[in-house]
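Novice: This is the structure I have questions about; it appears just below.
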Amino acid sequence: MNPQSVLPRELQLTAVMILVGFLGWVVHLIRSARLSLRDSLLWVLSTFAALLMTVFPQTLKWVAIHLSIEVPSNALFAAAIVYLAINLLSTTIAVSGAHTRVRRLTQECTLLRAELNELRAQVGNSERKPAP
Amino acid sequence: MRGLIIVPALNEAGNLPRVLSAIAALAPTWDVVVVDDGSTDATETVASQRGARVLRSVINLGIGAAVQTGYLWARDRKYDLAVQLDGDGQHDPAFIQALVEPIKRGQLDVVIGSRFLSEGGFRSTSVRRVGIRYLSWFLRFRCGAKVTDPTSGFRAVGRRALEFFADYYPTDYPEPEAIALAVRHGLRVGEVPVRMEERFSGKSSINVWRTVYYFLKVSLALLLLPTSSTGGLLQR
């Protein structure tokens, strides 16, 4: 089967270039430490999977047939949407987790400050007002 | 030289009494700090009852951040030596002397206690041993470090390494990556033989899938080592 019939050469080349460029940029961000590996693992893996699908368009043809998508190129865009949804959801989950931890940390600060004020009072710094 | 033993602990109320007693008996001149990484049991109480200082975090940050907290403490209080010793009873304080010897002599900055340099003791499952040998090779390939037990958390560091790790320490599965960072920063890393035991009680957090994920994740992390020698962002 001629892969050309699945995905037009221009589209395939463009998609591969974009994906390789994106992957390279993410790798650079990780190595220069503006992105942590743990948070970007899904980006790296899903981009790599997308790259494989684009380099071997037979996979797209398989998806197109089984989902009754008329034009296999549409399968590429459908896959792109799924890719974005997955990564966005994963990011939202990470943000939720961060919010929970921030809330917990704020509570801990509140409690520590109260303890500190109590200790100050005990140590006899009564002429000074508690910290603002 | 002033030394600090850093004991990271997550729900180790069952094991800590024995661990702390062993330290008191075998390394009485060392200060001990237990890093309670968000335990939900009586870890903090048990540790402070036995005279150890406790650094309690209300959030579970993971072994990397917990150990780094210990290094931050060590740097603030200007310790010359620091030893990482797990709170689950696998590490024997009797080996602390051997671990810090090369550092005291000025030969090494980081000394790792390897299970594989001598016979005896608990040497992990055969599956993990294969993975460990692979990591050992990969580490050597990536940064030239010759380490037979890169996953060992039983290690000693000197002043320079301690100050470095206080600023730059990996968060997930940190043991092998920390070695790579240290070597790239110009620190001298070596090993001495130690014996480890199976944990006294409680459950280890390791199973087959986690092991596979561990080795994949560490490989990726080693592949993507920072561009500069200072190790970048990793958990300031």
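The values are calculated or read from the model by the stated rules, or taken from the named source; none is laboratory data. In this text the structure is predicted, and so the values were computed from the model without any measurement. Note: ideal-geometry Cβ built from the backbone for every residue, glycine included; neighbour counts use all protein chains shown.
Novice: Please work out which one of (1) in a helix (DSSP H, G or I); (2) touching a Pro at 6+ places or on another chain (Cβ under 7 Å); (3) modelled with pLDDT under 90 is the condition B:Leu139 fails and give its number.
Specialist: (3)
Novice: Here's a follow-up. Hand me the list of helices (runs of 4 or more DSSP H) wholly inside segment A:16-132 holding 3 or more residues that are within 12 Å of another protein chain (Cβ to nearest Cβ). Can you show your working first?
Specialist: Numbers: elements: A:37-55, A:58-66, A:72-123.
Hits in segment A:16-132: A:37-55, A:72-123.
Novice: Which one is surrounded by the most Cβ atoms within 10 Å (Cβ to Cβ), of the residues in segment B:70-86 that are of a type outside the set (Asp, Glu) and under 12 Å from the mean Cα position of the chain (by Cα)? Before the answer, list the steps.
Specialist: Quick first cut of segment B:70-86, residues of a type outside the set (Asp, Glu) only: B:70-75, B:77-79, B:81-85.
Next, from what is left, pick out any that are under 12 Å from the mean Cα position of the chain (by Cα): B:70-71, B:82-85.
Values: B:Gly70: 25, B:Tyr71: 25, B:Ala82: 30, B:Val83: 28, B:Gln84: 26, B:Leu85: 28.
That would be B:Ala82.
Novice: Please work out which residue is surrounded by the fewest Cβ atoms within 10 Å (Cβ to Cβ), limiting yourself to segment B:198-234 and to residues that are facing another protein chain (nearest Cβ under 10 Å), within 19 Å of the chain's Cα centre (by Cα) and at pLDDT below 70.
Specialist: B:Leu234
Novice: Sticking with this structure for a sec: Which of the numbered conditions does A:Val26 fail, given that it passes all the others? Conditions: (1) closer than 30 Å to B:Asp172 by Cα; (2) touching a residue at least 60 places away in the same chain (Cβ under 8 Å).
Specialist: Going through (1) closer than 30 Å to B:Asp172 by Cα; (2) touching a residue at least 60 places away in the same chain (Cβ under 8 Å) one by one, A:Val26 breaks only (2).
Novice: When the residues of segment B:45-63 are filtered to those that are within 14 Å of chain A (Cβ to nearest Cβ) and either under 21 Å from A:Thr100 (Cβ atoms) or at pLDDT below 95 (or both), which remaining residue is surrounded by the most Cβ atoms within 10 Å (Cβ to Cβ)?
Specialist: First, pick out the residues of segment B:45-63 that are within 14 Å of chain A (Cβ to nearest Cβ): B:55-63.
This time we only want the ones that are either under 21 Å from A:Thr100 (Cβ atoms) or at pLDDT below 95 (or both), so: B:56-63.
Values: B:Arg56: 17, B:Ser57: 17, B:Val58: 13, B:Ile59: 14, B:Asn60: 16, B:Leu61: 18, B:Gly62: 20, B:Ile63: 22.
Restricting to residues being within 14 Å of chain A (Cβ to nearest Cβ) and either under 21 Å from A:Thr100 (Cβ atoms) or at pLDDT below 95 (or both), the top hit is B:Ile63.
Novice: Has segment B:163-172 got any residue that is small (Gly, Ala, Ser) and either farther than 19 Å from B:Val192 by Cβ or modelled with pLDDT under 95 (or both)?
Specialist: Initially, segment B:163-172 is screened for residues small (Gly, Ala, Ser), giving B:166.
Still in the list and also either farther than 19 Å from B:Val192 by Cβ or modelled with pLDDT under 95 (or both): B:166.
So far as segment B:163-172 goes, yes, one or more of its residues are small (Gly, Ala, Ser) and either farther than 19 Å from B:Val192 by Cβ or modelled with pLDDT under 95 (or both).
Novice: For segment B:1-24, how many residues are more than 17 Å from B:Leu99 (Cβ to Cβ) and part of a helix (DSSP H, G or I)?
Specialist: 6
Novice: Cβ-Cβ under 8 Å, sequence separation 6+ or interchain: first residue in segment B:90-115 and over 15 Å from B:Leu4 (Cβ atoms), partner surrounded by 15 or more Cβ atoms within 10 Å (Cβ to Cβ) and of a type in the set (Ser, Thr, Tyr). Which pairs?
Specialist: Filtered contacts from segment B:90-115: B:Ile112/B:Ser152; B:Gly113/B:Ser152; B:Ser114/B:Thr148; B:Ser114/B:Ser152; B:Arg115/B:Ser124; B:Arg115/B:Ser152.
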